[in-house]
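Here is the structure we will look at, set down as structure tokens.
Readers should treat all values here as calculations from the given coordinates under stated rules, not as data from a laboratory. What you see is a predicted model, and the numbers here were worked out from it, not measured in a lab. Cβ placement follows ideal geometry from the backbone for every residue including glycine, while neighbour counts extend to all protein chains displayed.
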Amino acid sequence: MKKMKPESLMMSYGYKPELSEGAVKCPIFQTSTFVFRKAEDGKAFFEIAYGHRPKHQGEEQGLIYSRINNPDLEILEGRLCLWDEAEDCAVFESGMAAITTVLLEFLKPGDLLLHSSPVYGGTDHFINKILPKFGIQALSFHPGESQASIIRRVQDSGLADKLALVYIETPANPTNTLIDIRGSKDIARHFSKNGNDIPLAVDNTYMGPLWQHPLQHGADLVLYSATKYIGGHSDVIAGACLGTAALIGRVKVLRTFLGNMASPNTGWLLLRSLETLKARMDIQSANADKIAAFLNQHPRVEKVYFPGNLRPEDSEQYEIKNRQCLSNGGMISFDVRGTEKDAFAVLNALKLIKLAVSLGSTESLAEHPATMTHVDVDPAERALLSITEKMIRLSVGVEHYEDIIEDLQQALEAS
């Protein structure tokens, strides 16, 4: 039989109904503990779970305890791997749990983290406020900086031999600026030596599992706030990390001891959401194209930050978008003419679109990055990156695009 597409496999992949009384959908395995058939099984399961040895060919990780593994979690991780063609996946109870676990696993005191800017506000806080407490330093670079310039700045930092991880977010939240994944991996390779390959981790939340596949462009790890497009209904908090079996094996061992894996209920909710992922994201992308076109011509809108606006004259950003992105996405930021007061007036006048943070859900959401999601980012950095008081971030939902546009129209005119 011809290999099926991921959206078809989301209904059944990894699940055997005969093991669950014939239930057509995977039940919620609400249990803390699993029974071993024999002592030798328990020994083998723990050897793998604690990273004492890799799996033998054809060997499966047995069930031990829901802090380590659970059927809902394992089936979910297998299905997520299909979208990014990853070897393995680790699911967490939040996006920040996934991000922080990766940072803690691949960085140690004295190391240097090289990262793109801007990044999500929570990530920015952890990098700049928490990691220094562990003796880990960070160096940021901005979209548009050349590889040569970034390499030179790492060398000039005096910490080039301490570089242990490159971390990028593309498209960036909330500016939609793009970072070259392949170029970022080239930088990581430049500083890799003695067989010690410096990993590249990519936060792909803005594009979700459909619109960009970082592993195919040289990334070693891809991260998601699964709360967003993967969950897609504003009713579950989760995160995910995908990559090679070896790297995810390390991540899973640390996850076991931090205890921040997703619960069976979270896993079940995400399995449900994966069944409609492509349908939802297709609608959101089509809606975003039409809404961006409307905002581009509105006299109250000063600038629209949207990958679909990129043109050949935008040079590097245009080339990156065409190479990496399979869609313009479903996120739009725009500057209103005026100040914070004017931006707030637009937000307060919205009726259909909800004034709330988060993104990627079925309902359209709007927020004010400078005072909400990115309030903790250094003010000078915000200004440099155009995260100003007049910027509004819009997450496009699955409502009819004409209704979303009408709501934006009345809000812009009422303000």
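For the chain, what relative contact order do you get, as a whole percent, if you take Cα pairs closer than 8 Å and at least 6 residues apart?
It comes to 17 percent, rounded to a whole number.
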**OP:** Just name one of Asn309, Ala349, Ala288: the one whose Cα is farthest towards the positive end of the charge dipole of the stretch 281-368 (beta-carbon charges, Lys/Arg +1, Asp/Glu -1).
**Re:** Ala349
**OP:** Taking a cut-off of 17 Å between Cα atoms, list the aspartates and glutamates near Lys321, but don't count ones fewer than 8 places away on the same chain.
**Re:** Glu145, Glu169, Asp180, Asp203, Asp289, Glu313
**OP:** Place a +1 charge on the Cβ of each Lys and Arg in the chain and a -1 charge on the Cβ of each Asp and Glu, then give the dipole magnitude about the Cα centre in debye, rounded to the nearest 20.
**Re:** 740 debye
Original post:
Among the aspartates and glutamates, which have Cα under 17 Å from the Cα of Lys354 when same-chain residues fewer than 8 positions away are ignored?
Top reply: Asp235, Glu363, Glu367, Glu399, Glu402, Asp403, Glu406, Asp407
Original post:
Which percent, nearest 5, of DSSP beta bridges in the chain are antiparallel?
Top reply: 60 percent
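Given the stretch 172-288, what percent of its DSSP beta bridges are antiparallel, to the nearest 5?
Bridges in the stretch 172-288 are about 65 percent antiparallel.
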**OP:** Would you mind listing how long the stretch 91-244 runs along its three principal axes, going by Cα atoms, in whole Å with the largest first?
**Re:** 46, 30, 29
Original post:
From the residues Ala86, Thr170, Pro214, which one has its Cα farthest along the dipole of the chain in the positive direction, the dipole being from +1 and -1 charges on Cβ of Lys/Arg and Asp/Glu about the Cα centre?
Top reply: Ala86
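For the chain, what percent of Cα pairs sit more than 29 Å apart? All intermediate terms of the calculation are to be shown ahead of the outcome.
Details: 39531 of 85905 pairs.
Result for the distance tail: 46 percent.
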Original post:
Once you list every other residue whose beta carbon is under 15 Å from the beta carbon of Gly232, what net charge do they have if Lys and Arg are +1 and Asp and Glu are -1?
Top reply: 0
Subject >> Inter-centroid distance (Cα atoms) of the stretch 39-110 relative to the stretch 280-354, Å >> reply: 37 Å
Subject >> Rounded to 5, percent antiparallel among DSSP beta bridges of the stretch 277-414 >> reply: 85 percent
Original post:
Of Lys16, Lys252, Lys108, which has the largest mean-square fluctuation in a 10 Å C-alpha GNM of the chain?
Top reply: Lys16
Original post:
To the nearest 0.05, how large is the calculated FRET efficiency for Val357 and Thr388 if R₀ is 25 Å and r is the Cβ-Cβ distance?
Top reply: 0.90
Original post:
Between the stretch 139-188 and the stretch 391-412, what's the alpha-carbon centroid distance in Å?
Top reply: 34 Å
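Would you please put 351-357, 113-119, 61-67, 311-317 in order of how densely packed they are, using the mean number of other Cβ atoms within 10 angstrom per residue and starting with the highest? Before the final figure, lay out the partial values.
Numbers: 351-357: 15.4, 113-119: 24.1, 61-67: 17.3, 311-317: 11.6.
Result, highest mean Cβ count within 10 Å first: 113-119, 61-67, 351-357, 311-317.
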Subject >> Rotationally averaged projected area of the stretch 277-414 (alpha carbon convex hull; nm²) >> reply: 8.4 nm²
**OP:** For each pair in Lys193/Lys228; Lys252/Lys278; Lys185/Lys228, compute the distance between the two Cα atoms and list the pairs where it is over 29 Å.
**Re:** Lys193/Lys228
Subject >> Spin-label zone in the stretch 187-223 - amide nitrogen under 18 Å from a point set 7 Å from the Cα of Ser146 along the C-beta vector >> reply: 187-188, 190
Original post:
For the stretch 271-415, what is the charge dipole size about the Cα centre, in debye to the nearest 20, if Lys and Arg each add +1 at the Cβ and Asp and Glu each add -1 at the Cβ?
Top reply: 160 debye
**OP:** Using a 10 angstrom cutoff on alpha carbons, build the Gaussian network for the chain and name the most mobile of Ala39, Ala286, Ala383.
**Re:** Ala39
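What percent do you get for the relative contact order of the stretch 277-414 when only Cα pairs under 8 Å and 6+ apart count? Walk me through the numbers on the way to the answer.
Values: 215 pairs, mean separation 41.6, N = 138.
Once divided by the residue count of the stretch 277-414, the mean separation gives 30 percent.
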Original post:
So for the chain, taking the charge dipole from beta-carbon charges (+1 Lys/Arg, -1 Asp/Glu), which of Cys325, Leu258, Ile179 sits furthest toward the positive end?
Top reply: Leu258
